[in-house]
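Notes to accompany the following structure.
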Amino acid sequence: MSSKKDPDNPKKPRPAFSRRSFIQGVGVGTGALGSGLLETVAHTAPTDGKFAGPGVVPITLRINGKPINLSVEPRVTLIDALRNSLDSTGAKKVCDRATCGACTVIMDGKVVYSCTVLAIDAQGKDIQTIEGISQNGKLHPVSVAFVNNDAQQCGYCTPGFVMAVKGFLDKHPHPTMDDVEKGLGGNLCRCGTYVGVRKAALEAAKEMRGGRNA
Amino acid sequence: MQAFEYASPTTLQEALGLLGKSWGDTDVLAGGTDLISLMKEYLATPKRLVNIKGIKELGGIQNSKTGLRIGSTATVEELLENADVRKTFPAFTDAARGISSPQIRNMGTVGGDLCQRPRCWYYRQGFGLLATQDGKSLVPEGENKYHAILGNSGPAYFVSASSFGPALVALNAKVRLVSSSGHRDVPAARFFVTPQNEKARETALLPNEILTEIMVPQEGTKNATYEVRQKEALDWPLAAASVALKMKGSTVSSARIVLGHVAPTPWVAEKAQEALAGKAVTPETAEEVAKAAVADATPLSQNVYKVQLARVAVKRALLEAMRARA
């Protein structure tokens with residue numbers, strides 16, 4: 001079922017069919033990676049040299065500490081580059097209009113909506129995604145606190161919420177419940193798990209301070 | 001999103017040289033929190049996009065004896081966190097706090113807040129800026145609960161979406177617009193305009209110009225912004241008011257009272273300003289002045305409630321301005 005690469009055996013063939021591998025396969029062949037298959041494929045037309053695109057251009061993104069080269073059209077957003085070109089599907093594409101927070105990633109230490117950042121504009125930034133926050137196979141304290149506090153139901157908002165909580169706690173290590181409510185205002189959960197998320201944020205804050213109530 | 005060519009110049013001159021003569025040629029990208037959504041909806045279909053975030057001189061916030069300078073690409077979060085601004089121009093801090101998603105505050109810029117397009121749902125659904133069909137606006141007889149209650153004799157019924165606009169007007173700020181042939185410093189009150197036809201825009205910015213900075217004079221006012229909103233986060237205010245009061249002892253020698261989100265531009269409430277001059281701000285005078293601020297309101301079929309909200313916004317902004325801030 002999973003289309004994720006097996007970390008122990010990267011050469012292991014993928015399952016015979018998944019929606020993701022199908023879309024990717026088509027994308028590779030046409031150069032339409034990440035731009036949506038129904039859109040007209042733009043071809044690189046050299047202009048006066050001051051502009052890049054509108055066809056695919058090579059870019060480098062630094063994701064979870066690793067520089068990654070890829071080719072995208074300038075119109076491709078960071079979320080589409082992550083999900084469609086890099087198979088990094090933790091960040092979720094939900095509203096796609098900078099409103100719901102499911103696509104939240106941390107860029108240069110700040111939470112942003114990756115649906116509303118152009119991938120080409122994210123070059124030179126330090127991009128942290130949900131895939132990059134666990135250390136040595138150990139869940140990040142925020143993820144642990146989400147489990148402990150039942151802070152998810154369907155789970156679709158969870159990766160964005162975890163990143164929003166992490167970004168918030170990195171900046172506000174001693175939050176009150178009121179701070180948490182305001183600080184997480186950029187993320188929506190349609191299952192209504194807010195109470196659990198807020199409790200998780202407070203628990204994670206304590207844990208990240210080293211378990212002290214300092 | 002329609003494909004486009006992309007440039008990320010590092011100097012203003014270079015960026016200006018890349019702009020086109022008409023809308024639709026080249027759009028300027030800063031935070032992108034509005035533009036990228038507009039492009040996804042094909043409401044903006046620029047052939048070229050010029051990212052101005054790499055131009056250092058357009059960033060930063062500096063407060064000096066002569067005035068406050070806000071670079072157009074300073075983010076909303078930078079403005080919110082600036083201690084000088086909080087001390088001298090809390091009207092901006094209040095407005096920045098109202099932009100209530102951390103992600104939007106981290107990405108969105110102050111210049112972008114001024115240049116964002118209206119949130120009118122007719123406009124956002126592709127009915128055009130003035131929402132006209134067969135020569136007639138759809139708004140007066142349509143779904144108008146979030147539309148204008150002042151300055152709404154047509155053809156525009158949308159409300160200015162800018163959170164900082166009312167504070168800029170109240171604080172006598174100027175906006176610098178630069179083209180390759182020079183610059184002009186436009187008073188905030190004249191930067192926002194009510195479009196008279198579908199081709200016109202809601203700001204004075206021309207397609208070959210870049211908004212580079214905002215200049216706010218030090219006038220020693222007591223100032224504040226108060227917003228009334230439906231939701232605490234991820235929403236624009238239903239009504240807002242920014243006030244800037246010049247004091248003589250405990251009385252107001254002159255007042256600037258500007259309403260937001262109730263008209264196609266930030267709306268100067270002249271009657272309210274007159275009503276407050278020479279008086280001390282008490283709960284009673286605030287109430288009286290607030291009534292004067294909405295005396296001329298002409299609500300549409302579904303937005304009578306906004307008159308009350310605007311009145312409350314003025315009253316609370318006045319009382320907030322007088323409160324000592326931490």
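The values are calculated or read from the model by the stated rules, or taken from the named source; none is laboratory data. Everything numeric here is computed off the predicted structure, so don't read it as measured data. Glycine gets a Cβ as well: all are built from the backbone with ideal geometry, and neighbour counts include every protein chain shown.
Tell me, yes or no, whether region A:143-165 has at least one residue that is closer than 26 Å to A:Ile68 by Cα, among the charged types (D, E, K, R) and not assigned by TED's automatic domain parsing to the domain that holds A:Ile63.
No: zero hits.
In region B:7-49, how many are over 26 Å from B:Ser101 (Cβ atoms) and either surrounded by 17 or more Cβ atoms within 10 Å (Cβ to Cβ) or in contact with a Ser or Thr (Cβ under 8 Å, 6 or more places away or on another chain) (or both)?
So the first thing to find is which residues in region B:7-49 are over 26 Å from B:Ser101 (Cβ atoms), and the list is B:7, B:9-26, B:45, B:47-48.
Now restrict to residues that are either surrounded by 17 or more Cβ atoms within 10 Å (Cβ to Cβ) or in contact with a Ser or Thr (Cβ under 8 Å, 6 or more places away or on another chain) (or both): B:7, B:9, B:12-13, B:15-20, B:24, B:26, B:47-48.
So the answer is 14.
Could you say which residue among A:Lys182, A:Lys171, A:Lys166 is within 14 Å of chain B (Cβ to nearest Cβ) and touching a Ser or Thr at 6+ places or on another chain (Cβ under 8 Å)? I'd like the intermediate steps shown before the answer.
Numbers: A:Lys171 fails: touching a Ser or Thr at 6+ places or on another chain (Cβ under 8 Å); A:Lys166 fails: touching a Ser or Thr at 6+ places or on another chain (Cβ under 8 Å).
Only one candidate qualifies: A:Lys182.
Output the helices (runs of 4 or more DSSP H) that fall wholly within region A:135-214 and possess 2 or more residues being small (Gly, Ala, Ser) and within 20 Å of B:Lys231 (Cβ to Cβ), or say none.
Working: elements: A:141-148, A:158-171, A:177-183, A:194-208.
The qualifying helices (runs of 4 or more DSSP H) are A:158-171.
Given A:Gly109, A:Gly101, which one is at pLDDT 95 or above, of a type in the set (Gly, Ala, Ser) and surrounded by fewer than 18 Cβ atoms within 10 Å (Cβ to Cβ)? Please lay out each step first, then the result.
Values: A:Gly101 fails: surrounded by fewer than 18 Cβ atoms within 10 Å (Cβ to Cβ).
Result: A:Gly109 is the single residue among A:Gly109, A:Gly101 that is at pLDDT 95 or above, of a type in the set (Gly, Ala, Ser) and surrounded by fewer than 18 Cβ atoms within 10 Å (Cβ to Cβ).
Would you check which residues across region B:99-154 are within 14 Å of chain A (Cβ to nearest Cβ), touching a Lys or Arg at 6+ places or on another chain (Cβ under 7 Å) and part of a loop (DSSP other than H, G, I, E, B) and list them?
Within region B:99-154, the first condition is being within 14 Å of chain A (Cβ to nearest Cβ), and the residues that meet it are B:99-109, B:112-113, B:116-117, B:119, B:121, B:124-125.
Those left that are additionally touching a Lys or Arg at 6+ places or on another chain (Cβ under 7 Å): B:99, B:106.
Once the filter is applied, which keeps residues that are within 14 Å of chain A (Cβ to nearest Cβ), touching a Lys or Arg at 6+ places or on another chain (Cβ under 7 Å) and part of a loop (DSSP other than H, G, I, E, B), region B:99-154 yields only B:Ile99.
One residue is enough: does region B:237-256 have a residue meeting the conditions part of a helix (DSSP H, G or I) and among the hydrophobic types (A, V, I, L, M, F, W, C)? If you could, list the steps in order and put the result at the bottom.
Here is the first cut: in region B:237-256, the residues part of a helix (DSSP H, G or I) are none.
No, region B:237-256 contains no residue that is part of a helix (DSSP H, G or I) and among the hydrophobic types (A, V, I, L, M, F, W, C).
Within region B:213-228, is even one residue surrounded by fewer than 24 Cβ atoms within 10 Å (Cβ to Cβ), touching a residue at least 40 places away in the same chain (Cβ under 8 Å) and charged (D, E, K, R)?
yes
State which residue is surrounded by the most Cβ atoms within 10 Å (Cβ to Cβ) when the search covers only region B:173-199 and only residues that are touching a Ser or Thr at 6+ places or on another chain (Cβ under 8 Å) and more than 24 Å from B:Leu130 (Cβ to Cβ).
Of everything passing the filter in region B:173-199, B:Val178 is surrounded by the most Cβ atoms within 10 Å (Cβ to Cβ).
Is one or more of the residues making up region A:36-58 more than 18 Å from B:Ser8 (Cβ to Cβ), at pLDDT 95 or above and of a type outside the set (Ser, Thr, Tyr)?
Within region A:36-58, none of the residues are more than 18 Å from B:Ser8 (Cβ to Cβ), at pLDDT 95 or above and of a type outside the set (Ser, Thr, Tyr).
Report every pair of residues separated by at least 6 positions or lying on different chains whose Cβ atoms are under 6 Å apart, first residue within region B:56-80 and acidic (Asp, Glu), second part of a helix (DSSP H, G or I).
Listed by first residue and then by second, the contacts come to B:Glu77/B:Arg105; B:Glu77/B:Asn106.
Pick out, from region B:7-76, the strands (runs of 3 or more DSSP E) lying fully within it that include 1 or more residues that are within 10 Å of another protein chain (Cβ to nearest Cβ). Full working, then the answer.
Working: elements: B:26-29, B:48-51, B:61-63, B:67-71.
Answer list for region B:7-76: B:26-29, B:48-51.
Could we say that A:Lys125 is within 14 Å of another protein chain (Cβ to nearest Cβ) and modelled with pLDDT under 95 here? I'd like the intermediate steps shown before the answer.
Numbers: within 14 Å of another protein chain (Cβ to nearest Cβ): yes; modelled with pLDDT under 95: no.
So A:Lys125 fails the test.
With over 27 Å from B:Asn106 (Cα atoms), acidic (Asp, Glu) and away from chain A (no Cβ under 14 Å) as the only criterion, which of B:Glu213, B:Glu198, B:Glu202 stands out? So that I can check it myself, show each step before the final result.
Working: B:Glu213 fails: over 27 Å from B:Asn106 (Cα atoms); B:Glu202 fails: over 27 Å from B:Asn106 (Cα atoms).
Answer to the check: B:Glu198.
Report the residue count in region A:68-119 for those that are within 15 Å of B:Ser37 (Cβ to Cβ), of a type outside the set (Ser, Thr, Tyr) and either away from chain B (no Cβ under 14 Å) or in a strand (DSSP E or B) (or both).
2
Taking A:Lys125 and the conditions (1) out of contact with any strand residue (DSSP E or B) (no Cβ under 6 Å at 6 or more places or on another chain); (2) surrounded by fewer than 21 Cβ atoms within 10 Å (Cβ to Cβ), which numbered condition does it fall short on, given that it satisfies the others?
(1)
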